[in-house]
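Please read the structure below before turning to the comments.
The values are calculated or read from the model by the stated rules, or taken from the named source; none is laboratory data. Since the model is a prediction, treat every value here as computed from it, not as a measurement. Backbone-built Cβ (ideal geometry, glycine too); neighbour counts: all protein chains shown. Note: accessible area is taken over every heavy atom of the protein model, side chains too, but ligands, DNA and RNA are not part of it. Shrake-Rupley method; radii C 1.70, N 1.55, O 1.52, S 1.80 Å.
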Amino acid sequence: QVQLVESGGGLVQAGGSLRLSCAASGRTFSSYIMGWFRQAPGKEREFVATINWSTTTVYLDSVKGRSTISRDNAKKTVYLQMNSLKPEDTAVYYCAAGSYYPSRPSYGMDYWGKGTLVTVSS
């Protein structure tokens with residue numbers, strides 16, 4: 001069992017930066033693919049970025065070059081550094097742990113946090 005708690009969301013002006021954190025509990029954190037997902041009002045949840053145990057990363061095209069996902073296995077924490085934020089980045093951001101299969105329900109992720117709200121004003 002893994003519990004995930006996100007933090008770091010808030011209100012920021014366009015062009016600003018935020019660093020999201022996700023603290024995990026459980027003994028097998030390092031074996032999971034960790035991911036960040038987001039859900040904007042009226043839209044479906046979408047993939048943002050993932051990082052595996054060997055720190056290979058994958059990004060949504062629209063955040064590539066502006067965001068960096070990283071993980072600290074000793075601290076059981078995954079981060080999402082977001083720069084040059086745009087109003088269209090406004091969403092609830094969720095941290096998740098699992099195997100990541102994009103075509104499966106919930107992207108094949110087994111555990112989800114409750115989310116943290118990011119609001120980008122223009």
Report task. Compute the length gained on full extension between Lys86 and Lys64: take 0.36 nm times their separation in residues and subtract their Cα-Cα distance, giving the result in nm to one decimal. Result -> 6.6 nm
Report task. Taking H placed 1.01 Å from N in the peptide plane, check which residues at least 5 places from Gly16 or on another chain put their amide H under 5 Å from its amide H. Result -> Leu85
Report task. Subtracting the Cα-Cα distance from 0.36 nm times the residue separation, let me have the gained length for Ser54 to Ala40 in nm, one decimal. Result -> 2.1 nm
Query - Residue range of the chain that is longest and free of trypsin sites (Lys or Arg not before Pro) which are both DSSP loop and sparsely packed (at most 13 other C-beta within 10 Å) - result: 76-113
**Report entry** Neighbour cut-off at most 15 other Cβ (10 Å), DSSP loop, chymotrypsin sites (Phe, Trp or Tyr not before Pro), segment 49-122
**Finding:** Trp53
Report summary line: Whole-Hz Karplus couplings 3J(HN,Hα) for segment 41-56, θ = phi - 60° and coefficients 6.51, -1.76, 1.60, Gly and Pro as x, run x, x, 10, 7, 5, 10, 5, 10, 6, 9, 9, 9, 5, 9, 6, 6
Requested in this report: Give the cross-link partners of Lys43 among the lysines, using a straight C-alpha distance below 26 Å as the criterion and excluding same-chain residues fewer than 8 apart.
Outcome: Lys64, Lys86, Lys114
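Just the number please: accessible area per residue for the chain, 1.4 Å probe, all protein chains included, in Å².
That works out to 53 Å² per residue.
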**Report entry** Accessible surface of the chain [probe 1.4 Å, protein heavy atoms]: carbon and sulfur percent
**Finding:** 48 percent
Query raised in the report: Once phi is turned into θ = phi - 60°, what whole-Hz ³J(HN,Hα) does the Karplus curve with 6.51, -1.76 and 1.60 give for every residue of segment 106-121, x standing for Gly and Pro?
Result: 6, 6, x, 8, 8, 10, 10, x, 8, x, 9, 8, 10, 10, 10, 8
**Report entry** Length-normalised contact order of segment 1-117 in % [C-alpha pairs under 8 Å, at least 6 apart]
**Finding:** 33 percent
